[in-house]
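**Student:** Below: one structure in structure tokens.
The values are calculated or read from the model by the stated rules, or taken from the named source; none is laboratory data. The model shown is predicted, which means the values in this text are computed figures rather than measured ones. Positions of Cβ are generated from backbone atoms using ideal geometry, with glycine treated the same way; all protein chains shown enter the neighbour counts. Quick note on the areas: whole protein, heavy atoms, side chains included, nothing else; ligands and nucleic acids left out. Shrake-Rupley method; radii C 1.70, N 1.55, O 1.52, S 1.80 Å.
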Amino acid sequence: MALTDADVQKQIKHMMGFIEQEANEKVDEIDSKAEEEFNIEKGRLVQTQRVKIMEYYEKKDKQIEQHKKIQMSNLLNQARLKVLKARDDMITDLQNDARQRLVEIAKDPEYYSVLLQGMLLQGFFQLLEPKVTVRCRQQDVEMVQEAVNKNIPIYREAVKINIVVKIDTVRFLSSDICGGVEVFNDNGKIKVSNTLENRLELIAQQMMPEIRVKLFGANPNRKFLD
């Protein structure tokens with residue numbers, strides 16, 4: 001039985017509908033797969049960028065923390081230096097005050113003459129030389145000569161040896177010092193410095209640990225004072 005034109009058209013239309021449906025389903029499938037791949041790729045890119053951002057800010061945080069530590073360390077060091085300078089300034093002021101008091105000692109002839117006698121005798125005993133030269137301030141020459149005259153018998157009696165003492169009247173100690181003497185052996189190569197400044201410096205060195213404790217308290221980081 002032959003198909004009429006209407007039947008042919010109907011079959012063609014049916015086939016076209018089927019093809020169109022399959023095409024639409026295929027398009028939907030492709031769209032769905034493309035969207036899935038897009039979402040996967042987008043998620044991967046987002047995660048990658050998130051990791052990069054986190055790493056970037058973590059690095060920044062570490063840099064900021066390191067910078068803060070450096071700044072804090074610098075501030076602490078500056079504070080320590082200021083404290084140390086303030087302490088050194090206080091020690092210097094204390095030494096200057098002590099030196100000013102030494103100036104007053106030489107202004108008391110009776111006390112100063114006894115002090116000169118002790119300083120000279122100590123110099124004689126330290127050198128133990130038969131000939132010595134004494135150097136002093138020009139204004140102290142007469143007082144030093146008196147002290148020498150008193151010390152020679154004391155020295156002879158103590159060591160059973162004679163001593164010849166010469167006072168240097170050419171080169172004097174500076175008039176700016178507080179007082180005291182320097183005692184030399186015969187050739188001038190050995191010197192005992194017994195000026196008031198020198199004695200103050202020696203005492204300051206010996207007592208500095210004790211002075212620091214008195215002024216600033218004990219240092220918990222130090223086991224020994226010297």
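**Student:** Looking at the range 166-179 only, could you name the residues that are open to solvent by 30 Å² or more (accessible area, probe 1.4 Å) and over 37 Å from the mean Cα position of the chain (by Cα)?
**Tutor:** Lys166, Thr169, Val170, Arg171, Phe172, Ser175
**Student:** Name every residue in the range 133-162 that is surrounded by 17 or more Cβ atoms within 10 Å (Cβ to Cβ), in contact with a Leu (Cβ under 9 Å, 6 or more places away or on another chain) and of a type outside the set (Asp, Glu), in order of residue number.
**Tutor:** Val134, Arg135, Cys136, Arg137, Met143, Val144, Ala147, Val148, Asn151, Tyr155
The rows are residues; the columns are (1) touching a residue at least 40 places away in the same chain (Cβ under 8 Å); (2) farther than 30 Å from Asn219 by Cβ; (3) open to solvent by 100 Å² or more (accessible area, probe 1.4 Å); (4) not polar (S, T, N, Q).
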| site | (1), (2), (3), (4) |
| --- | --- |
| Gln47 | no, yes, no, no |
| Arg50 | no, yes, yes, yes |
| Glu55 | no, yes, yes, yes |
| Glu65 | no, yes, no, yes |
| Lys68 | no, no, yes, yes |
| Leu76 | no, no, no, yes |
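**Student:** What are the pairs, 6+ residues apart or on separate chains, where a residue within the range 144-157 that is at pLDDT 95 or above and polar (S, T, N, Q) has its Cβ under 7 Å from a residue that is assigned to a helix (DSSP H, G or I) and open to solvent by 10 Å² or more (accessible area, probe 1.4 Å)?
**Tutor:** Asn151/Gln117; Asn151/Leu121
**Student:** Could you look through the range 94-132, keep only residues that are open to solvent by 50 Å² or more (accessible area, probe 1.4 Å) and polar (S, T, N, Q), and pick out the one that is modelled with the lowest pLDDT?
**Tutor:** Here the residue is Gln95.
**Student:** Please tell me if Thr133 is in contact with a Phe, Trp or Tyr (Cβ under 9 Å, 6 or more places away or on another chain) and hydroxyl-bearing (Ser, Thr, Tyr). Talk me through it step by step, then tell me what you get.
**Tutor:** Working: in contact with a Phe, Trp or Tyr (Cβ under 9 Å, 6 or more places away or on another chain): yes; hydroxyl-bearing (Ser, Thr, Tyr): yes.
Yes: the conditions hold for Thr133.
**Student:** Scanning for something in contact (Cβ under 8 Å) with a residue 60 or more places away in the chain and surrounded by 10 or more Cβ atoms within 10 Å (Cβ to Cβ), does the range 80-87 turn up at least one residue?
**Tutor:** So the first thing to find is which residues in the range 80-87 are in contact (Cβ under 8 Å) with a residue 60 or more places away in the chain, and the list is 87.
Now drop any that are not surrounded by 10 or more Cβ atoms within 10 Å (Cβ to Cβ), which leaves 87.
Yes, the range 80-87 has at least one match.
**Student:** May I ask you to say which residue of Glu29, Glu22 is farther than 30 Å from Gln205 by Cβ, free of Cβ contacts under 8 Å to residues at least 40 places away in the same chain, open to solvent by 100 Å² or more (accessible area, probe 1.4 Å) and among the acidic types (Asp, Glu)? Break it down stepwise before answering.
**Tutor:** Numbers: Glu22 fails: open to solvent by 100 Å² or more (accessible area, probe 1.4 Å).
Criteria check complete, one pass: Glu29.
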